[in-house]
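These notes concern the structure reproduced below.
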Amino acid sequence: MLLSRYNLRNVNSNKVTLPNDALFDLPEKVLQFGTGVLLRGLPDYFIDKANRRGVFNGKIVVVKSTSKGDSDAFDKQDGLYTLCMRGIENGVKTEDNIVCSAISRVLSARHEWSAILECAHNPQMQVIISNTTEVGIQMVNEDIRKHPPVSFPAKLLAFLLERYIAFDGSSQSGMVIVPTELINNNAKKLESIVLELAHLNSLDEKFIEWLENCNHFCNSLVDRIVPGADPVTRAEVENKLGLTDELMIVSEVYRLWAIEGNQEVADILSFAKADDGVVITDDIELFKELKLRLLNATHTLSCGVAYLAGIDTVKEAMDDAVMGQFIADLMLQEIAPAIPNEAAVLQAEDFGSKVLERFRNPFIVHHWLSITMNYSQKMKARAIPLLLNYYQKFSLVPENFSTSFAAYLLFMKAERTDGHQYFGLFNGKEYLINDEKAAWYFNLWKKYDVPELVKKVLKEADMWDADLSKIPGFEQEVTEKLQVMINDGLPVALQTKKALQLK
């Protein structure tokens, strides 16, 4: 039995949260560019939850912009899909299945562009959200009168021009535009491209004035792991519910959508009232810092240590007594107090405890090796500012950080290259060093012994935006730890560290 509006009557509501009939008749209020799992697992979930509580009362028209796949599954299932939320919340294991009904219809940009533009004539449609995977938020100099334009910014501009014409440039007809693409200042970048395109297309100055003054481009940050649905979970849930669902997705329980906006924006995005996971504020920098440092930087500083200790996944690391304690200490004792944003430091303990819960999620399989991708760039952007700030505040070298940096250097030791890719070796098994600095490190490890290699790396100011050898004691700490790792292995290095702490 396929999930559809008609077949809902045959589903046991004790096993899943189902939509009532009234939710299918709500007006369309949101235009969404993208059909991906993140959008369906976060923004669409929030809107669906609000609709159930009688708050937002609006449906989503989804624009499918990529040529990959089609919208048949959405059509067959009346836009319905099952969201399976799995994780740990406040120390309690949580599982929840919800049939989401927020999507009204899915339109193909390639084949149904006229229908998409017709949505601009709907006075109740006030919100645009996006997570584009075609060319994303990039400048493409093109004619927006194409049917359809190629890039997402051009499609957005064409829609807004149609909106302006439909309502005679009324100041009340502007839209709230909330991109969720994972780039810094996503809305401001999108807005600048849209305005540039408007000028390149010689659009009317009055329209450009309306574009700038009557629309809200809101930066946003999304934070939720939505890996889709693996075959085992999908089969398990389908058997439990007695239906098949081609669009089923799985997510963690944790959710955050931080949106930069004023009270007018908040009034339009009224779905925020239904869940504390939606935060509308005049500055989202705090949330960006907390996520970047406590989640992303902890991942970066732990991945080499865990992988070279023979631990494959984040969950397995949290289950290991020594590695789990290392990660917690690294995050809460060294990263948290070193966050550059003082407001973030005050909230770090609460946010950090939630991140540790997420790391322990038994339903999410996150491999450390995949986290090592672009290791050097991530180390520079996420972690090095913390090292510098920690020393500036405490005049001490953070011990766990030193261990992490030593493990990073060891991970970057390639034993073989095919001329294009570089491979390290651990426990007799090769691993790919997926990093732009792989060739550089390959040559360093061949040329220098450990003390000289550490010195050379730390002195690369262009690489780190700072001469790390000038941090008193850091070079010695990293050198000693790296030598122990090479001679005795990572587990011994961690056990030695723990023994020293207990003295």
For the stretch 237-274, the count of residues that are more than 24 Å from Y6 (Cβ to Cβ) and either touching a Ser or Thr at 6+ places or on another chain (Cβ under 6 Å) or acidic (D, E) (or both) equals 7
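Give the residue, chosen from G54, G87, that is closer than 23 Å to V253 by Cα, out of contact with any Leu (no Cβ under 6 Å at 6 or more places or on another chain) and part of a loop (DSSP other than H, G, I, E, B).
Numbers: G87 fails: part of a loop (DSSP other than H, G, I, E, B).
Step by step, each of G54, G87 is checked, and only G54 is closer than 23 Å to V253 by Cα, out of contact with any Leu (no Cβ under 6 Å at 6 or more places or on another chain) and part of a loop (DSSP other than H, G, I, E, B).
Based on what the data block shows, is V150 open to solvent by 70 Å² or more (accessible area, probe 1.4 Å), closer than 20 Å to S108 by Cβ and not in a helix (DSSP H, G or I)?
Values: open to solvent by 70 Å² or more (accessible area, probe 1.4 Å): yes; closer than 20 Å to S108 by Cβ: yes; not in a helix (DSSP H, G or I): yes.
Answer is yes for this residue.
Could you pull out the residue among Q138, Q124 that is touching a Pro at 6+ places or on another chain (Cβ under 7 Å), in a loop (DSSP other than H, G, I, E, B) and open to solvent by 50 Å² or more (accessible area, probe 1.4 Å)?
Values: Q138 fails: touching a Pro at 6+ places or on another chain (Cβ under 7 Å).
On inspection, the qualifying residue turns out to be Q124.
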Any idea which of (1) within 20 Å of G242 (Cβ to Cβ); (2) open to solvent by less than 40 Å² (accessible area, probe 1.4 Å) is the one I60 doesn't satisfy?
-> (1)
Among K446, K456, which is farther than 19 Å from V305 by Cβ and open to solvent by 90 Å² or more (accessible area, probe 1.4 Å)?
-> K446
Of those in the stretch 478-499 that are at pLDDT 95 or above and under 33 Å from the mean Cα position of the chain (by Cα), the residue most open to solvent (accessible area, probe 1.4 Å) is K481
Residue list for the stretch 357-379, restricted to those being among the hydrophobic types (A, V, I, L, M, F, W, C), surrounded by fewer than 18 Cβ atoms within 10 Å (Cβ to Cβ) and part of a helix (DSSP H, G or I) | L369
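Conditions tested, residue by residue: (1) closer than 15 Å to M485 by Cβ; (2) open to solvent by less than 10 Å² (accessible area, probe 1.4 Å); (3) of a type outside the set (D, E).
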site	(1), (2), (3)
A381	no, no, yes
L386	no, yes, yes
Q392	no, no, yes
S395	no, no, yes
N400	yes, yes, yes
M412	yes, yes, yes
G419	no, no, yes
G424	yes, yes, yes
In the list D462, D435, D467, which residue meets the criterion of being touching a helix residue (DSSP H, G or I) at 6+ places or on another chain (Cβ under 7 Å) and without any contact (Cβ under 8 Å) to a residue 12 or more places away in the chain?
-> D467
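Is it the case, given these coordinates, that R163 is basic (K, R), open to solvent by 10 Å² or more (accessible area, probe 1.4 Å) and in contact (Cβ under 8 Å) with a residue 12 or more places away in the chain?
Details: basic (K, R): yes; open to solvent by 10 Å² or more (accessible area, probe 1.4 Å): no; in contact (Cβ under 8 Å) with a residue 12 or more places away in the chain: yes.
No, not satisfied.
Would you point out the residue of the stretch 269-300, among those that are closer than 30 Å to A73 by Cα and not β-branched (V, I, T), that is nearest to the chain's Cα centre (by Cα)?
As a first pass, look at the stretch 269-300 and keep what is closer than 30 Å to A73 by Cα: 269-272, 274-275, 277-278.
Filter once more, so that each one left must be not β-branched (V, I, T): 269-272, 274-275, 277.
Values: L269: 21, S270: 23, F271: 21, A272: 19, A274: 22, D275: 19, G277: 14 Å.
Only one residue fits best here, namely G277.
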Run I47 past the list (1) open to solvent by less than 10 Å² (accessible area, probe 1.4 Å); (2) part of a strand (DSSP E or B); (3) of a type outside the set (S, T, Y); (4) out of contact with any Ser or Thr (no Cβ under 7 Å at 6 or more places or on another chain) and report the number of the one that doesn't hold.
-> (2)
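Going by what's in this entry, would K15 be described as touching a Lys or Arg at 6+ places or on another chain (Cβ under 7 Å), over 19 Å from A272 (Cα atoms), open to solvent by 40 Å² or more (accessible area, probe 1.4 Å) and in contact (Cβ under 8 Å) with a residue 60 or more places away in the chain?
Values: touching a Lys or Arg at 6+ places or on another chain (Cβ under 7 Å): yes; over 19 Å from A272 (Cα atoms): yes; open to solvent by 40 Å² or more (accessible area, probe 1.4 Å): yes; in contact (Cβ under 8 Å) with a residue 60 or more places away in the chain: yes.
Against the criterion (touching a Lys or Arg at 6+ places or on another chain (Cβ under 7 Å), over 19 Å from A272 (Cα atoms), open to solvent by 40 Å² or more (accessible area, probe 1.4 Å) and in contact (Cβ under 8 Å) with a residue 60 or more places away in the chain), K15 qualifies.
Before we move on, is S171 touching a Cys at 6+ places or on another chain (Cβ under 6 Å), loosely packed, with under 15 Cβ neighbours inside 10 Å and hydroxyl-bearing (S, T, Y)? Don't jump to the end; show me each part of the working.
Values: touching a Cys at 6+ places or on another chain (Cβ under 6 Å): yes; loosely packed, with under 15 Cβ neighbours inside 10 Å: yes; hydroxyl-bearing (S, T, Y): yes.
Yes, satisfied.
Any residue in the stretch 215-226 that is free of Cβ contacts under 8 Å to residues at least 60 places away in the same chain and part of a helix (DSSP H, G or I)?
Pass one, the stretch 215-226, residues free of Cβ contacts under 8 Å to residues at least 60 places away in the same chain: 215-218.
Next, from what is left, pick out any that are part of a helix (DSSP H, G or I): none.
No: the stretch 215-226 contains no residue that is free of Cβ contacts under 8 Å to residues at least 60 places away in the same chain and part of a helix (DSSP H, G or I).
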Picked from the stretch 99-121 (must be in contact with a Lys or Arg (Cβ under 8 Å, 6 or more places away or on another chain) and assigned to a strand (DSSP E or B)), the residue most open to solvent (accessible area, probe 1.4 Å) is S104
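Among what's in the stretch 278-313 and is acidic (D, E) and assigned to a helix (DSSP H, G or I), pick the residue that is surrounded by the fewest Cβ atoms within 10 Å (Cβ to Cβ). Step through it out loud before you land on a result.
Filtering the stretch 278-313 down to residues acidic (D, E) leaves 282-283, 285, 289, 312.
If we keep only those that are assigned to a helix (DSSP H, G or I) as well, we get 285, 289.
Working: E285: 15, E289: 20.
That would be E285.
Given the criterion more than 23 Å from N7 (Cβ to Cβ) and among the basic types (K, R), identify the matching residue among K76, K93, K49, K59.
So the residue among K76, K93, K49, K59 that is more than 23 Å from N7 (Cβ to Cβ) and among the basic types (K, R) is K93.
Within the bounds of the stretch 150-158, is there any residue that is free of Cβ contacts under 8 Å to residues at least 24 places away in the same chain and of a type outside the set (K, R)? Lay out the reasoning, then the answer.
Filtering the stretch 150-158 for residues free of Cβ contacts under 8 Å to residues at least 24 places away in the same chain gives 150-151.
Filter once more, keeping what is of a type outside the set (K, R): 150-151.
For the stretch 150-158, residues free of Cβ contacts under 8 Å to residues at least 24 places away in the same chain and of a type outside the set (K, R): present.
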Matching residues in the stretch 252-268 (within 21 Å of the chain's Cα centre (by Cα), modelled with pLDDT of 95 or more and either of a type in the set (A, V, I, L, M) or outside any loop (DSSP other than H, G, I, E, B) (or both)) number 5
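From A73, A22, grab the single residue that is aliphatic (A, V, I, L, M) and modelled with pLDDT of 95 or more. Before you say what the answer is, go through the steps one by one.
Working: A73 fails: modelled with pLDDT of 95 or more.
After ruling out the rest, the residue left standing is A22.
The values are calculated or read from the model by the stated rules, or taken from the named source; none is laboratory data. Because the structure is predicted, anything quoted here is derived from the model rather than measured. Note: ideal-geometry Cβ built from the backbone for every residue, glycine included; neighbour counts use all protein chains shown. In case anyone asks, the SASA skips ligands and DNA or RNA and just uses the protein heavy atoms, side chains included. Shrake-Rupley method; radii C 1.70, N 1.55, O 1.52, S 1.80 Å.
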